[in-house]
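What follows is a single structure, written as structure tokens, with notes after it.
The values are calculated or read from the model by the stated rules, or taken from the named source; none is laboratory data. Quick caveat: nothing in here was measured; it's all calculated off a predicted structure. Glycine also receives a Cβ, built like all others from the backbone with ideal geometry; neighbour counts cover every protein chain displayed. These area figures cover heavy atoms from the full protein model, side chains too; ligands, DNA and RNA do not enter into them. Shrake-Rupley method; radii C 1.70, N 1.55, O 1.52, S 1.80 Å.
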Amino acid sequence: MDSTEIRKRFINYFTDILKDRDLQHVEVRSSSLVPENHPTLLFTNSGMVQFTPYFLGKKDPVEDFGSKRLCSVQKVIRTGDLDKIGKSKYHLTFFEMLGSWSIGDYGKKVAVELAFDLLTNKEYGFELDPEKFIPTVFAGSNEAQCDYETIEAWKSVGIPPEKISKLPASENWWAPGGPKAQGPCGPCTEVLYDRGPQYGPEEETPGLTENPRYLEIWNAGVFMQYNRKSDGTLEELEIQSVDTGAGFERFAVLKQGVDSIYETDLFIPIIQKIKELQKESDSIDLDFEREDIQQAIRRSADHIKAATFVTAERVYPSSKDQGYVLRRLLRRVFNDFSFKLAINPEKAKEVVPVVTEIYREQYPEIDEVDHITDVFNEELKRYLSITKQAKHVIKRNYVYKKKDTIDAFDIYQSTGASLDTINKIAEELDMQVNATDFDQRVKEHREKSKEGAKEKFKGGLKGDDEKQRKMHTATHLLHQALRMTLGEHVHQTGSNITPERLRFDFSHPEKVTQEQLQAVEKIVNDKIQEELPVNVVKLPKEEAEKTGALHFFKEKYGDTVTVYYIGNSLDDAFSKEFCGGPHVKNTKEIGKFKIIKETSVGKGVRRIKAVVE
């Protein structure tokens with residue numbers, strides 16, 4: 001069964017087959033990989049993320065989707081297992097979740113019945129052998145009791161009680177950010193598929209280890225019974241819901257009769273392309289049967305796929321948040337191409353069209369090969385420069401001085417090279433690396449740098465608060481004027497204010513023309529001359545979001561936010577943003593606004609410097 005048919009069967013079951021049982025679900029398209037205003041997530045890591053407000057009763061699924069029963073195929077990024085990628089046959093960075101939801105509709109018994117039916121039915125389901133099912137359930141903890149109801153549900157569809165594996169909260173309690181994370185949560189039941197002794201030894205309690213014999217194929221029910229509050233305590237949700245999620249690629253392993261995710265039709269073309277690039281290179285011929293070479297190929301295939309999807313979301317490589325993850329993925333690919341596979345890292349971009357060909361029908365937004373390869377190219381330039389510098393410093397400070405162990409933090413601090421890159425260079429030079437407390441030292445280094453920058457920034461503003469207020473309010477006018485002129489894709493990525501000028505960084509894929517800059521400047525000055533009042537209001541975050549006030553995913557907000565708006569009322573304000581201030585009371589206080597420079601500060605990010613007179 002090919003991957004397209006697997007997706008089709010899953011969605012068809014919930015949207016069509018269940019019609020006759022009055023259990024029809026509505027299909028919802030995959031949300032973005034970058035969740036909006038989620039307090040704990042950089043990336044969408046499950047199908048349920050976009051439905052969180054519905055579990056909490058803050059939004060009505062019937063009003064928004066026409067049903068309390070939903071299903072979807074969701075694109076997902078998880079980065080917690082990066083070091084397992086390539087080594088494990090089943091761990092991925094980017095993957096898809098097949099999911100279904102009951103929001104205040106059916107409960108545990110029906111969820112188990114539907115899971116069993118879809119997995120086993122030979123006409124419209126996945127034709128799997130129920131004799132090989134090992135359901136897992138929550139064994140109970142000091143917070144919640146054992147999930148006896150789900151145990152009875154599995155017994156009712158014919159699963160013998162001795163085949164039901166009771167597991168602790170670490171395995172069978174689920175929340176988007178981990179078992180103790182804030183938000184909707186509850187016990188879950190997963191279906192393990194026993195593939196036989198050829199894959200691993202039999203276990204008394206399957207599910208506690210990563211034994212490849214027991215392949216997890218479906219979290220057949222996360223039962224959203226609770227909400228974990230900010231103080232860590234649980235409260236029962238008014239709306240009891242069911243969230244299911246199946247790893248699409250693991251279904252493909254079973255239905256395509258292979259041993260690894262990398263042998264499915266979702267990876268074979270990508271891996272084949274990487275092998276072709278190696279054979280075309282002028283370097284040595286590699287033995288593709290060697291385990292370390294296979295790992296490097298699998299890792300590169302995974303990371304290129306993930307980086308392609310992340311880049312298509314208009315994320316750009318940077319030193320923080322989503323951009324840092326993208327940078328790390330790309331640099332790990334460049335490392336493997338350069339040091340392990342003997343492929344020119346410039347060739348990595350040639351794998352992108354293979355990825356988009358596999359996925360463009362399901363995710364049309366990924367069909368942007370030119371944009372994605374441009375981002376790859378820009379990051380490669382930075383990588384090559386840093387790698388060259390790191391090699392130079394290592395040779396100067398270690399090789400020539402007969403030192404055989406490299407201090408990883410020393411190289412990071414002086415060149416910016418990642419630990420991955422330092423390790424690869426060390427391997428090439430047959431040297432050791434001391435990475436003791438590397439992550440902690442990097443964190444402390446960044447915090448010191450931030451504090452230094454903060455002090456410098458504050459020092460430049462002392463005694464000049466009035467000018468700061470003028471400049472700050474001018475940035476809000478500028479932000480809105482840019483969105484009106486260039487489009488609503490524009491959003492602030494950074495700003496800096498001194499007594500002499502304001503600096504405003506924003507997302508935009510190309511140089512802003514002189515005509516566009518003049519139009520922006522005119523809009524700002526027109527609003528200054530209109531003498532608009534600048535007002536402030538504190539609102540619950542949900543209410544503030546509904547006003548249309550600008551706010552972006554990189555910021556973390558509390559339950560109550562401050563909104564500054566420029567205009568007579570919040571409804572018809574020219575500009576409104578989540579902001580802590582300070583600002584002038586009226587735009588007439590700003591004076592004349594003038595743009596003095598527009599430049600690029602990286603792929604997809606522009607910078608404007610301006611003054612007020």
Exercise. Is region 65-224 best put as rounded, prolate or oblate by its Cα gyration tensor, with a ≥ b ≥ c the root eigenvalues, rounded for a/c under 1.5, and otherwise prolate when a/b is larger than b/c, oblate when not?
Worked result: rounded
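For Glu613 and Lys132, compute 0.36 nm times the residue count separating them, minus their Cα-Cα distance, and round to one decimal in nm.
Working: separation 481, 0.36 × 481 = 173.16 nm, distance 7.61 nm.
Between Glu613 and Lys132, full extension yields 165.6 nm more.
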For this session: Let me have the relative contact order for the chain, percent, based on Cα pairs under 8 Å that are six or more residues apart.
Result: 10 percent
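Take the Cβ-Cβ distance between Glu263 and Glu515 as r, set R0 to 60 Å, and report the resulting FRET efficiency rounded to the nearest 0.05. Show your work: numbers first, answer last.
Values: r = 54 Å, r/R0 = 0.91.
Computed FRET efficiency for Glu263 and Glu515: 0.65.
Counting DSSP beta bridges with both partners in the chain, what percentage is antiparallel, nearest 5?
Working: 70 of 80 bridges.
For the chain, the DSSP antiparallel bridge percentage is about 90.
Take the Cβ-Cβ distance between Asp404 and Glu280 as r, set R0 to 30 Å, and report the resulting FRET efficiency rounded to the nearest 0.05.
Details: r = 36 Å, r/R0 = 1.20.
It comes to 0.25.
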For this session: Mind checking region 152-207 for trypsin sites (Lys or Arg not before Pro) that DSSP puts in a loop (not H, G, I, E or B) and that have at most 13 other Cβ atoms within 10 Å?
Result: Lys180
Problem set entry | Ellipsoid equivalent to region 221-375 - semi-axes via the Cα gyration tensor, in Å | 35, 20, 16
Problem set entry | Computed helical MRE - 222 nm, the chain, DSSP H runs ≥ 4 contributing -39500 (n - 2.57), nearest 500 | -11500 deg cm²/dmol
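If eta is 0.692 mPa s and T is 37 °C, what Stokes-Einstein diffusion coefficient results for region 1-143, Kirkwood Rh from Cα pairs, in µm²/s? All intermediate terms of the calculation are to be shown ahead of the outcome.
Values: Rh = 17.1 Å.
The estimated diffusion coefficient comes to 192 µm²/s.
In nm², what is the average projected area of the convex hull enclosing the Cα atoms of region 198-255? Present the calculation step by step, with values, prior to reporting the outcome.
Details: hull surface 25.1 nm².
That works out to 6.3 nm².
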Exercise. How big is the chain on each of its three principal axes, counting only the C-alpha atoms and giving the largest first in Å?
Worked result: 80, 66, 45
Exercise. For region 95-142, which trypsin sites (Lys or Arg not before Pro) are both in a DSSP coil and crowded by at most 15 other Cβ atoms within 10 Å?
Worked result: Lys122
Exercise. So how tilted is helix 438-461 from the main axis of the chain? Cα-based, degrees 0 to 90, rounded to 10.
Worked result: 30 degrees
Problem set entry | Cleavage-rule hits, chymotrypsin sites (Phe, Trp or Tyr not before Pro), region 335-403, DSSP coil, Cβ neighbours within 10 Å at most 10 | Tyr400
Problem set entry | Mean-position separation - Cα centroids, region 545-613 and region 381-433, in angstrom | 42 Å
Seminar exercise, completed: P(r) of region 559-613 over all Cα-Cα pairs, 10 Å bins starting at 0, rounded to whole percent, reads 18, 34, 37, 12
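Keeping every protein chain present and rolling a 1.4 Å probe, give me the accessible area per residue for region 105-183 in Å².
Working: 3620 Å² over 79 residues.
That works out to 46 Å² for each residue.
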Seminar exercise, completed: Check: C-alpha center region 1-47 vs C-alpha center region 99-131, spacing in Å is 14 Å
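Carbon and sulfur together cover what percent of the accessible area of the chain at a 1.4 Å probe radius?
Values: 12820 of 28450 Å².
Carbon with sulfur: 45 percent of the solvent-accessible area.
Kirkwood hydrodynamic radius for region 101-189: how many Å is it when counted over pairs of different Cα atoms? Show your work: numbers first, answer last.
Working: mean 1/r = 0.0711 Å⁻¹.
With all distinct Cα pairs of region 101-189 included, I get 14.1 Å.
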Exercise. How long is region 479-561 along each principal axis, judged by its Cα atoms, biggest number first, in Å?
Worked result: 41, 32, 28
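For region 247-327, what is the Kirkwood hydrodynamic radius in Å, using each pair of distinct C-alpha atoms?
Values: mean 1/r = 0.0693 Å⁻¹.
About 14.4 Å, per the Kirkwood formula over Cα pairs.
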Exercise. Based on the Kirkwood radius over alpha-carbon pairs, what value in µm²/s does the Stokes-Einstein equation return for the translational diffusion coefficient of region 80-148 at 10 °C and 1.306 mPa s?
Worked result: 102 µm²/s
Problem set entry | Largest-first principal axis extents of the Cα set of region 1-68 (Å) | 38, 31, 13
Exercise. How big is D, in µm² s⁻¹, for region 56-102 by Stokes-Einstein at 37 °C and 0.692 mPa s if Rh is the Kirkwood radius over C-alpha pairs?
Worked result: 250 µm²/s
